[in-house]
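To start, the structure under review is shown below, and the notes come after it.
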Amino acid sequence: MAARPKSRAKAAPCPPVLPDGMADVCMVLKTRRAARAVTRRYNALLKPFGLQSTQVSLLAAIAKGGFDSVSDLAEMMALERSAMLRNLKPLEQAGLIACPQGGQGRAQKFALTRKGEALITKLIPLWQKAQDDLRKALGDKAWRAAQQGLAALGSLA
C-alpha cells in the first residue's frame, strides 16, 4: 500500500476573529441542539415500537390528510419530494401505509392501513406523555414562548 502524501496545508497563524455572539447565539446551532434534545426524548418513548419520531410525525400527517399527492405531503412536511419518498418506503414495507388508489409517480396518495391506524392509536398516549414531559420541564410560560418562536421560525421557510 502506498504511503499517503503529507498534507501541505498549514495551520493559520492566528484564528479568525469571529463576530460577537457567533458561537453563543447562532440560531442554527441552537435550533439543531434543541431539535436533537426533543427528538431524543420522543425516540426514547418510541423505541419499543421500532419507530423514530420522524416516522410517527409522518404517520400522523398521513392520518390527518389534507394532501392530494406525495408532493403535497412533502410540502406540508417541509421535505424534498425525494426525501419524502425515502421516508414513506419503510412505512409502506411495514404495512403501515398504502396507496389505495394505486397511483404512480406524482399521483400517489398514501393512507394509513388498518395496521397503521391501530399503531397510531397506541402511539397517541406516548406522544401526549412526551408533550407533557417537555411542557413540565420547560414550564408553561417557556412552553408557550417556544411554541410561538418555533411557529415564527417555521413560517420563514
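The values are calculated or read from the model by the stated rules, or taken from the named source; none is laboratory data. Predicted model only: the values in this text are computed from it and were never measured. Note: ideal-geometry Cβ built from the backbone for every residue, glycine included; neighbour counts use all protein chains shown.
Structure summary
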| read-out | value |
| --- | --- |
| Region 66-98 - residue that is in contact (Cβ under 8 Å) with a residue 40 or more places away in the chain and surrounded by fewer than 15 Cβ atoms within 10 Å (Cβ to Cβ) and, of those, nearest to ILE124 (Cα to Cα) | ALA78 |
| Cross-chain or 6+ apart pairs with Cβ under 8 Å, region 110-138 first and more than 26 Å from SER71 (Cα to Cα) and touching a residue at least 40 places away in the same chain (Cβ under 8 Å), then part of a helix (DSSP H, G or I) and charged (D, E, K, R) | ALA130/ARG41; ASP133/ARG41; LEU134/ARG41 |
| When residues of region 23-33 are limited to those that are among the hydrophobic types (A, V, I, L, M, F, W, C) and surrounded by 11 or more Cβ atoms within 10 Å (Cβ to Cβ), the one nearest to the chain's Cα centre (by Cα) | LEU29 |
| Checking GLY95 against (1) modelled with pLDDT of 95 or more; (2) out of contact with any Lys or Arg (no Cβ under 8 Å at 6 or more places or on another chain); (3) farther than 26 Å from ARG40 by Cβ, the condition it does not meet | (2) |
